1. Would you compute, from DSSP H runs of 4+ residues alone, the mean residue ellipticity of the chain at 222 nm, taking -39500 (n - 2.57) per run and dividing by the full residue count, rounded to the nearest 500?
2. How are the alpha carbon pair distances in the chain distributed across 20 Å bins from zero to the largest one, expressed in percent?
3. Enter the angle in degrees (range 0 to 90, nearest 10) between the Cα long axis of helix 131-141 and the first principal axis of the Cα atoms of the chain, meaning the one along which they spread out most.
4. Once both labels are modelled 7 Å past Cα along the beta-carbon direction, what's the A295-Q183 spacing in nm?
5. Measure nothing fancy, just the Cα-based angle from helix 159-179's long axis to the longest principal axis of the chain, in degrees from 0 to 90, nearest 10.
6. With all protein chains present, how much of the accessible area of the chain (probe radius 1.4 Å) comes from carbon and sulfur, to the nearest whole percent?
7. Suppose R0 equals 56 Å. What FRET efficiency, 1/(1 + (r/R0)^6) with r the Cβ-Cβ distance, do E167 and E329 give to the nearest 0.05?
8. What are the extents of the Cα atoms of region 1-111 along their three principal axes, in Å, largest first?
Amino acid sequence: MKQPITYELLHICKQTGARRGIIHTPHGDIQTPIFMPVGTQATVKSMTPEELKQEVKAQIILSNTYHLYLRPGHKLVEEAGGLHEFMRWDRPILTDCGGFQVFSLADLRTISEDGVEFKSHLDGSKHMFTPEKVMEIENSLGADIIMSFDECCPYPSTYEYTKDSMERTTRWAKRCIAAHKKQDKQGLFGIVQGGMYKDLREKSAKDLVALDFPGYAVGGLSVGEPKELMCEILEYTTQFLPGNKPRYLMGVGTPDYLLEAVIRGIDMCDCVLPTRIARNGTAMTWSGKVVVRNATYERDFGPLDPECDCYTCKNHTRAYIRHLVKANEILGIRLLSIHNLRFLTKLMERVREEIENDNLGTFIQEFYKRYGYTK
């Protein structure tokens, strides 16, 4: 059977070892490394699909199994023709498995070998996610890339808890493969777990690679651990993942984390951060963060970022955007969201270019200096 998701390696940066490639999907090719905007409830907050394509230049977006299961329901989405038709997005989509959301409910869920029983954050109603149920939901949603059901351990966790959790995640992964009904149309990725323990990460990766998934995610990082530890565990983990398949680091979206992930062999990253900080009146720029709601920008009639090519920066001033944010006008959030999302997709465009030129290490040093990061 032909795999619906394949990876083509184009170049490896001589300076850093970062990868430049293409992920082929049923709804088009994805140039990697890539940042993926998150559309939790079948929408990237405040963005139309056309804006995501034309202004943000997004190649792929994410939606969330847990949230779409609760509303409007996966069967309704299936009835509408799947997520692509439901939200009118004709490029690739990835759905996560809902594991992170379910496990973040903490006192509202109970874990067993069968799966996870949880209470809805919406109305308190009881539900059960098993690997089989998650596959049913993701098959109905119809994304190009779907994720196997996993447990995301909190940080810190004991070795014993993390080991049990990791081994259960592997058993759940096998059940997901068995329950996946659309293997010719949707690529199912395994999720490497193991917390902050290198031997558990190695075992998790090797056990999942033996199952021959078309791609692999690294989960359970960026959950509160120090940045240095995240980088150390990520670098150790990726060496056990196959070079001919996509690698996805889940839930990172700050510029420094994206760059650190790329130089450790990661192809795909996602995060809600750019739209979340937009709602708080904050912009990411090539010279660092700009908290545009601050009084210092009241009479600043320049663009958010002179180096940005997005609609916001080409048409509106910091002063105007500050006014919108202070007045609680929706347009302020929309303009900041367009900019922040475009900033990250543009950053990754530049990263791909620097990888091809074998210059990524030098670029990262220069970027960190301008952005105000210390390395």
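1. -11500 deg cm²/dmol
2. 29, 59, 12, 0
3. Computed tilt is about 50 degrees.
4. Distance between the two pseudo-spin positions: 6.5 nm.
5. In the chain, helix 159-179 runs at an angle near 80 degrees to the longest axis.
6. 49
7. According to the calculation, E is roughly 0.65.
8. Per principal axis, max minus min of the Cα coordinates gives 48, 36, 34 Å.
The values are calculated or read from the model by the stated rules, or taken from the named source; none is laboratory data. Keep in mind that what you see is a predicted model, and the values were worked out from it rather than measured. As a convention, Cβ positions derive from the backbone with ideal geometry for all residues, glycine included, and neighbour counts pool all protein chains shown. Just the protein is used for accessible areas: all its heavy atoms, side chains included, with ligands, DNA and RNA removed. Shrake-Rupley method; radii C 1.70, N 1.55, O 1.52, S 1.80 Å.
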